[in-house]
1. So if I check each of Arg47, Arg103, Arg62, which one is touching an Asp or Glu at 6+ places or on another chain (Cβ under 7 Å), open to solvent by 30 Å² or more (accessible area, probe 1.4 Å), among the basic types (Lys, Arg) and assigned by TED's automatic domain parsing to the domain that holds Glu147?
2. Being touching a strand residue (DSSP E or B) at 6+ places or on another chain (Cβ under 7 Å), of a type in the set (Asp, Glu) and modelled with pLDDT of 95 or more: is that true of Asp226 here?
3. Within region 157-164, does at least one residue satisfy the condition of being within 16 Å of the ligand (Cβ to nearest atom) and buried (at least 17 other Cβ atoms within 10 Å of the Cβ)?
4. Quick one: in region 266-325, which of the residues that are touching a Gly at 6+ places or on another chain (Cβ under 6 Å) and in a helix (DSSP H, G or I) is farthest from the ligand (Cβ to nearest atom)?
5. Take region 106-125 and flag every residue that is more than 14 Å from the ligand (Cβ to nearest atom) and more than 24 Å from Lys155 (Cβ to Cβ).
6. Hey, Gly241 hits all of (1) assigned to a loop (DSSP other than H, G, I, E, B); (2) touching a residue at least 40 places away in the same chain (Cβ under 8 Å); (3) under 30 Å from Asp152 (Cβ atoms) but one; which does it fall short on?
7. Restricting attention to strands (runs of 3 or more DSSP E) lying wholly within region 116-234, give those where 1 or more residues are over 17 Å from the mean Cα position of the chain (by Cα) and closer than 22 Å to Ala314 by Cα.
8. Taking region 165-189 as the search range and keeping residues that are under 30 Å from Val274 (Cα atoms) and charged (D, E, K, R), which one is farthest from the ligand (Cβ to nearest atom)?
Amino acid sequence: MILVTGGAGYIGSHTVKELLRAGYEVVVLDDLSAGHREFVLTPHFVRGDIRDRATLDGVFRRYPITAVMHFAALTSVPESVEDPARYYEVNLLGTWNVLEAMRAHGVKLFVFSSSAAVYGDPQKVPIPEEHPAQPKSPYGRTKRMVEEILADYEKAYAFRYVSLRYFNAAGSDPEGEIGEWHEPERHLIPIVLEVALGKRPYLEIFGTDYETPDGTGVRDYIHVTDLARAHVRALQHLEAGGESRVYNLGIGRGYSVREVMEVCRRVTGRDIPVREGPRRPGDPAVLVADPSRALREMGWQPRFTELAPLVETAWRWMLKKFGSA
Ligand code: UD1
């Protein structure tokens, strides 16, 4: 059985769906601070906090766990700048707690949710895994520090892991069962779609003076189901005896904020009012993955390589969530 922490959240819930599809049994541990109970697609659910060691021990005692996928974390870069203590407590100490509970119960396979935020301002794009890791925010530092802990644990404790550095996760389950739902919403695509639906008055573009073709920020948007499938591949790699690895997960192509808006306009057929605002502190101009290692070594291939079909899945989910057309 696979333990998925944060399995009620956005990427976690989509990964649980893919694990179940691949025939795995799954138990979800989630405190529902950001996740949604109805997103938990497995019958095995424990509500609890990764900071609580007793809860973790209870889960490991109750279920025959053979590997852990660890999604439970705080995820906002600006929030981590305002309140770093919380980020170190949940993302660093919480993860250490999970690792220690695994060690106590003899579980040795770990798949970790890392982030492109570990790279900081890219010195070159597309970004390969060997790119120096100089995170710019406490959030990025917690992800990087955990990767360093993992490398040490691997050497000392016959423990193996795959760390997956996500670029911009986007889109929703193509079957519409679960989807992207953050409160508050901070991500570009759902915000643009909320504007299209009339739930927000306009999109504010954070910076139009970047050194990019149209002056707005460029990102690599990867469909959440493609991300989820990569997690299943990573697990299978570890189960087959594969060694510890770090992989970028992106499609290897960037879209600017204006390009994203244009695609959303076409997909929704609605007007999207815009205001041009200042840069958001900490945002790099361009973040695009070089995902060739994951393609080569895991035999993984993203299915959503164009933005329009990805946005269509996000739009269908948004219409369902707000119950309107
Ligand atoms: C994302 C993730 C972050 C992850 C990081 C990797 C969030 C909010 N984002 O950040 O967890 O670690 O990738 O580096 O958690 N934009 C606007 N107006 C808006 C919202 C966004 O112009 O109202 C722009 C941003 O400036 C950026 C792009 O849209 O250029 C994408 O923004 P967003 O969806 O917030 O993701 P990232 O900031 O790239």
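The values are calculated or read from the model by the stated rules, or taken from the named source; none is laboratory data. Bear in mind that the values here come from a model prediction, so they are computed numbers and not experimental data. Every residue, glycine as well, gets a Cβ built from its backbone with ideal geometry; the counts of neighbours run over all protein chains shown. Please note that ligands, DNA and RNA were not included when accessible areas were found on the heavy atoms of the full protein model with its side chains. Shrake-Rupley method; radii C 1.70, N 1.55, O 1.52, S 1.80 Å.
1. Answer to the selection: Arg47.
2. So Asp226 does not fit the description; no.
3. The answer is yes; a qualifying residue exists.
4. Lys320
5. Scanning region 106-125 gives Gln123, Lys124.
6. The one condition Gly241 does not meet is (2).
7. Result: 203-206.
8. Asp173
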